[in-house]
1. Take the residues in the stretch A:278-287 that are within 14 Å of A:Trp237 (Cα to Cα) and β-branched (Val, Ile, Thr), then tell me which one is nearest to the other protein chains (Cβ to nearest Cβ).
2. So A:Leu208 ticks every box in (1) more than 28 Å from A:Ala290 (Cα to Cα); (2) modelled with pLDDT under 90; (3) not hydroxyl-bearing (Ser, Thr, Tyr) but one. Which box is left unticked?
3. Which residue, of A:Asn123, A:Asn37, A:Asn57, is in contact (Cβ under 8 Å) with a residue 60 or more places away in the chain and either over 18 Å from the mean Cα position of the chain (by Cα) or not in a helix (DSSP H, G or I) (or both)?
4. Of these, A:Gly47, A:Gly67, which one is surrounded by 24 or more Cβ atoms within 10 Å (Cβ to Cβ), under 24 Å from A:Ile124 (Cα atoms) and away from chain B (no Cβ under 14 Å)?
5. Say we look at the stretch B:323-341 and pick out the residues that are in contact (Cβ under 8 Å) with a residue 60 or more places away in the chain and either within 17 Å of B:Ile297 (Cα to Cα) or of a type in the set (S, T, N, Q) (or both); which of these is nearest to the other protein chains (Cβ to nearest Cβ)?
6. I need the full set of residues from the stretch B:149-203 which are assigned to a loop (DSSP other than H, G, I, E, B) and under 30 Å from A:Ala230 (Cα atoms), in order please.
7. State the number of residues belonging to the stretch B:20-52 that are part of a helix (DSSP H, G or I) and touching a residue at least 12 places away in the same chain (Cβ under 8 Å).
8. Considering only the stretch A:82-94, how many residues are outside any loop (DSSP other than H, G, I, E, B) and facing chain B (nearest Cβ under 8 Å)?
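The values are calculated or read from the model by the stated rules, or taken from the named source; none is laboratory data. The structure displayed is predicted, hence computed values, not measured ones. Note that we place each Cβ from the backbone using ideal geometry, even for glycine, and neighbour counts take in every protein chain shown.
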Amino acid sequence: MDYTFYLAVLAAAVTAGTPILYAALGELLAERSGVLNLGVEGMMLVGAIVGFIIAVNTANPWLGVGGAMLASGALALIHAFLTITLQANQVVSGLALTMFGAGFSSFIGRPFVGIAAPVSFQNIPIPILSQIPYLGDIFFRHDPLVYLTYILAPLMWFLLYWTRPGLNIQAVGEDPAAADAVGINVKLVRYLCVITGGMFAGLGGAYLTLAFAPLWLDGMTAGRGWIAIALVIFAVWNPLKAIAGAYLFGGVAAMSFRMQILEIPVSPFFLQMMPYLFTIMVLIIVTIQASVKRIGAPKALGLAYDREDR
Amino acid sequence: MLVAQKKFNPGYRIRWEKRLVSTPLINFSIPVISIIMTLLAGGAVIAAMGFDPIFIFQGMFTSAFLSFTGLMETTVKAIPLILAGLGVALAFKMLLWNIGAEGQLHMGAFAASGVALALPDAPAYIVLPTMILAGMVAGALWASLPAIPKAYLGVNEIITSLLLNYVAIFWIDYLVFGPWRDPAALGFPITKAFGQAARLPMFGDTRVHTGLLIAIAAAIALYIILYHSKWGCEIRVIGESQGAARYAGMNIRRNIILVMMLSGALAGLAGMVEISAIHARLQAGFSPGFGYTAIIIASLARMHPGWVILVSFLMSGLLVGGFSMQIHGLPVATVQMLQGAILFFLLGGNILTRYRLTIRRKKVA
């Protein structure tokens, strides 16, 4: 096997990692503000089908992306209302969101099963950059949604660590009572982060139906939303580390897919298990490291904030 | 003390007041109200898709509860739901988020099938108990995979238990498409049929099987464990406050592993009864998401074993009714959508256990 094979796998790792990266960036933002949203899988599915339906009807993939983000943002709003305003249990609400999203996407998507998308995002090699040996092939011969993450992830990192709103988000996630005391509107920050996070998850879902595999299948996210949640832990809530993590997970998925094509003597079912087992293994290793280095989740993650309880 | 205050009418004011204790009436009416709200909201979505919601809901209810065959089918599907629901309820009681019931159920079915296929000629009094044991052990071991890292390292059990569902389902697919496939099945992904001895007996001519007795016995046993044993008391205390439990000298680590394994064993038992009585062979896609529905059941039943039985019947009716409406073009996914919606309304309604709306005549100042 020559190096072109490896370049192809690495380039595939980037495309396979992109939907996970979008979802992970969204979840990261919500968790930084202290709200755990386990509904990523459901929001991705709804984003995937809404984006697909709009693209089929308007023949414009960008409208599809916009619609997907609105739909998944609306779902995230339900989660935000239940957990922030009504202070419901974040775990159960997120699970409800995943189940509802899976059911709803399958419900509205039934007439669209097996239809090929009339339009999808095409690869546009970036002039000059795509000529860089190796790196050009891996990173700069993709579709616009991949390029968007190159900007979005560093932007989110900058926002979180170097701007006032970003530091406010961190404060709300670490110590909402203190944030409240210095005049930050805790509930508003959390609402904005959860809804924006949901929109990112929908964008990740739309990437699947509009670029990655331009068609709709029931439950086609196949656990990517959950892998994205694991990725947030892997990235220690840092957007830049999420990029590397997403390509690592994408690489494992791309590898398992390539190996099925190469007809190596391992059952395809075992190869399909690989991304899930890999995620579990990574999660265990990362948790051990985090406990040694004493780094971890935002301190108020998963807890509702109630002024009266101060 | 007030969360929101609205001037509604000059003479009165309405406000949220914190409750100190929740009343039984509230605890009972919230799940009921959330089901009604789901029917209203679900009906709106169904109507938006061009169906007549009244016709659909009436049809679902009639076919699930008002005909003999329908009622029997509802009972049949309630059996694995009760068992898996009990498992999830036990784990949730300790705030241990086992959402891997679907995978544990698949592994239970796998192990029970292995026993049934390995002992084709053994008598029922040997095969059936061995299958039950194998199913429970397999479910417990599968649940120990997320439990042990959780107990010793604090690895998030939600993600690991959920991801293992995918692995378990691929494992079953591997078996029924590969080494366990019945060569005579013309390419269908199924194993050979089990012998008659490996099938749980049915009541009369119905498909209702003795798994129902197992499920009810399991509910009673779990009730006694949770509310009338020292261990159950520990589980409830840990669920209420880990700090208090640690202070009282309870072994949280050991309880995480034990509770998760018992939870997995119940889900594994659900897989065993379903595969033994209904399918009598291992096949791909034998579970319509029993393990996920179990999460809704445990939440609606507020983790109480008795209520798990009742709620399982309701959820089973929803499943059976949903299937029967397929002939009218209703997507099967409607059921899953409604299940998610019930949980939303339940969570929203829970605020009434902590607050109450009061209307008072305003004092003239």
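1. A:Thr287
2. (2)
3. A:Asn37
4. Every option except A:Gly47 fails the conditions.
5. Top of the filtered list is B:Met337.
6. Hits for the stretch B:149-203 are B:Gly154, B:Val155, B:Asn156.
7. Result for the stretch B:20-52: 15.
8. Residues meeting the conditions: 4.
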